1. On the protein heavy atoms, probe 1.4 angstrom, tell me the percent of accessible surface of the chain carried by carbon and sulfur.
2. Sorted by packing (mean other beta-carbon atoms within 10 Å per residue), highest first, where do 90-97, 110-117 land?
3. Just tell me which lysines come within less than 24 Å, Cα to Cα, of Lys43; anything on the same chain fewer than 8 places away is out.
4. More than 16 angstrom separation, counting every C-alpha pair in the range 6-75; what % is that?
5. Check which residues have an amide H placed less than 5 Å from Ser111's amide H, if you skip close sequence neighbours.
6. What three numbers, in Å, describe the spread of the alpha carbons of the range 58-110 along their principal axes, ordered from the longest?
7. Express the accessible area of the range 1-68 per residue in Å², computed with a 1.4 Å probe while the remaining protein chains stay in the model.
8. Counting alpha carbon pairs within less than 8 Å and at least 6 residues apart, what relative contact order, in whole percent, applies to the chain?
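The values are calculated or read from the model by the stated rules, or taken from the named source; none is laboratory data. This is a predicted model, so every value here is computed, not measured. Here the Cβ positions follow ideal geometry from the backbone for every residue, glycine too, while neighbour counts run over all protein chains shown. Side chains are part of the model used for accessible areas, which takes the heavy atoms of the whole protein and leaves out ligands, DNA and RNA. Shrake-Rupley method; radii C 1.70, N 1.55, O 1.52, S 1.80 Å.
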Amino acid sequence: QWQLVESGGGLVQPGGSLRLSCVASGFILDDYVIGWFRQAPGKEREGVSYISRSGASTKYANSVQGRFTISRDNAKKTVNLQMNGLKPDDTAIYYCAAAAVWPPELPDFASWGQGTQVTVSS
């Protein structure tokens, strides 16, 4: 079975940082566009950041622009999301997912990880 596994979530103070990782198992990661999404309680799933197959192109939600950075290492089958300047509104479960087109939209993502919890609180 092909899988994506997220890690790196946790509890941090406002203004703190976390680095999330998404690791692929059972498929070639560089065949796919990878996106990071988040879902807070009572809210719809939101696209946070996307990265193209080569890593040359990226997109960010306005709410995280300038604070989050997405990157990928295809040899290690890993996509990372560096999150700096975290705010309470960033609290959510964060998911990575794979798509086959660029630029992608939510329906294009067909393979999802299990999620990792990020909580920003003082």
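1. Here it works out to 48 percent.
2. 90-97, 110-117
3. Leaving aside lysines fewer than 8 places away in the same chain, those within reach of Lys43 are Lys59, Lys87.
4. 56 percent
5. Counting only residues 5 or more places away or on other chains, the set is Ala98.
6. Rounded to whole Å, the extents work out to 32, 27, 19 Å.
7. On a per-residue basis, the range 1-68 sits at 54 Å².
8. Relative CO of the chain lands at 36 percent.
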